[in-house]
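Where a number appears in this text, it was derived from the coordinates with a stated rule and is not lab data. Predicted model only: the values in this text are computed from it and were never measured. Note that each Cβ is placed from the backbone with ideal geometry, even for glycine, and that neighbours are counted across all protein chains shown.
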């Protein structure tokens, strides 16, 4: 720099790095973290977790921003090539999330899209009928009724696709899935003589569980 009197200053140098390359390698995954173990949520899937966790890979040091409808709803910085964030509460609805990574030079990588549906409403409770299935004929057994069939068939209704879990007290006897037509059926393993408090619940695609429906049956195979 030279002033008006002609004096010249000392020389100063500076370095600058030109980076016009957008970050690559961004990946996005989602998980239901309601329990002690995270459960993956498929892209386009349904979850009962209204605060799902997102994670993936990205250029180290890049700023990962999650947007919905163009509005940022969360951000985090990738460390050692990975990133993760737990979103704030999402409403019960389908959410299409756009995720981008921005490097230190301000270059923005190609957005990745992830869609998930949040549904926190409990599944509708199924119905339950305990049947004596001797001779391949289903004969309903009344609540607190007695049957000589130690492997009764349980039937009922539930939304198609719901997973029905069958209990004897607190012991899980098994599961089955409601089929088209909203019906389900399950033949029990051999039950001992005596009273059995049978119950069933329905779990929908989001993972929400219905209230239980119960029916007590007394097994008596003694002549």
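Estimated at 0.36 nm per residue, the fully extended path between residue 179 and residue 135 surpasses their Cα-Cα distance by 13.4 nm. Cβ crowding within 10 Å ranks 120, 110 as 110, 120, fewest other Cβ atoms first.
Order these by the 10 Å Cβ neighbour count, fewest first: 95, 196. Intermediate results must be reported in sequence, preceding the final value.
Numbers: 95 16, 196 21.
Starting with the residue having the fewest Cβ neighbours, the order is 95, 196.
Look at where the Cα atoms of region 61-113 and of region 144-209 average out, and the two centres are 43 Å apart.
Start at zero, step by 5 Å, and the Cα-Cα distances of the chain spread as 1, 6, 11, 12, 10, 8, 7, 7, 7, 6, 5, 5, 4, 2, 2, 1, 1, 1, 1, 1, 1, 1, 0, 0, 0 percent across the bins. For region 38-182, the share of DSSP beta bridges that are antiparallel, to the nearest 5, is 90%.
On full extension of the chain, what length is gained from residue 50 through residue 69, given 0.36 nm per residue of separation minus the C-alpha to C-alpha distance?
Values: separation 19, 0.36 × 19 = 6.84 nm, distance 1.76 nm.
Value of the extension gain: 5.1 nm.
Computed over region 21-138, the convex hull of the alpha-carbon atoms projects to a mean area of 10.7 nm². At full extension, residue 189 and residue 223 could sit 10.2 nm farther apart than now, given 0.36 nm per residue minus the alpha carbon distance. Taking 101, 197, 178 as the candidate residues, the one with maximal mean-square fluctuation in a Gaussian network model of the chain, Cα springs under 10 Å, is 197. Sorted largest first, the spans of the alpha carbon positions of region 1-69 along the three principal axes are 76, 27, 21 Å. With the simple model of a label 7 Å out from the Cα in the direction of the Cβ, residue 117 to residue 84 spans 2.8 nm.
Relative to its Kirkwood radius, the Cα radius of gyration of region 108-223 gives an Rg/Rh of 1.17.
Please report Rg over Rh for region 159-223, where both radii come from the alpha carbon positions and Rh follows the Kirkwood definition.
Working: Rg = 13.2 Å, Rh = 12.7 Å.
Computed over Cα atoms, the ratio is 1.03.
Among 130, 179, the order by Cβ neighbours within 10 angstrom, fewest to most, reads 179, 130.
Provide the three semi-axes, in whole Å and in decreasing order, of the ellipsoid equivalent to region 78-145 as defined by the square roots of 5 times the Cα gyration tensor eigenvalues.
On the way: eigenvalues 593, 38, 26 Å².
The answer is 54, 14, 11 Å, longest axis first.
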